[in-house]
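Here's the structure, in structure tokens; my notes come after.
The values are calculated or read from the model by the stated rules, or taken from the named source; none is laboratory data. On a predicted model such as this, the values are computed, not experimentally measured, just so you know. As a convention, Cβ positions derive from the backbone with ideal geometry for all residues, glycine included, and neighbour counts pool all protein chains shown. Surface accessibility is based on the protein's heavy atoms, side chains included, excluding ligands, DNA and RNA. Shrake-Rupley method; radii C 1.70, N 1.55, O 1.52, S 1.80 Å.
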Amino acid sequence: AQAMQSRMQDLQARLAETEVSGASGGDAVKLVMTCKGEVRSIQISPSVIDPSDKETLEDLVMAAVNTARKNADQLMADETRKMMSELG
């Protein structure tokens, strides 16, 4: 039990710094964030920057964040499953 707890803490620390990406609008908005949720970078294509249509840009950013979050959740689940199978 102590070994499992120690490995879980190590996994959480490693995943807190592991980066995942998300994109939307055919890569018009791309971002990188950690599995912990810290956004490290955002790239927005000038083609989607329209001051008269800020809602579209907001939706694209939100979709990219949600995609990255989903990727982070999947990575955490995969790594947890892998660790558990290694522990038997």
Checking Arg69 against (1) open to solvent by 90 Å² or more (accessible area, probe 1.4 Å); (2) under 22 Å from Val20 (Cα atoms); (3) among the basic types (Lys, Arg), which test does it fail? (1)
Gly22 vs (1) surrounded by 14 or more Cβ atoms within 10 Å (Cβ to Cβ); (2) at pLDDT 95 or above; (3) more than 15 Å from Asn71 (Cβ to Cβ): all pass except (3)
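Go through the stretch 31-60 and give me each residue that's under 15 Å from Val20 (Cα atoms) and either assigned to a helix (DSSP H, G or I) or open to solvent by 50 Å² or more (accessible area, probe 1.4 Å) (or both).
Step one: filter the stretch 31-60 for residues under 15 Å from Val20 (Cα atoms), giving 31-43.
Across the stretch 31-60, the qualifying residues are Lys36, Glu38, Val39, Arg40, Ile42, Gln43.
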Does Leu75 meet the test of being part of a helix (DSSP H, G or I) and modelled with pLDDT of 95 or more? no
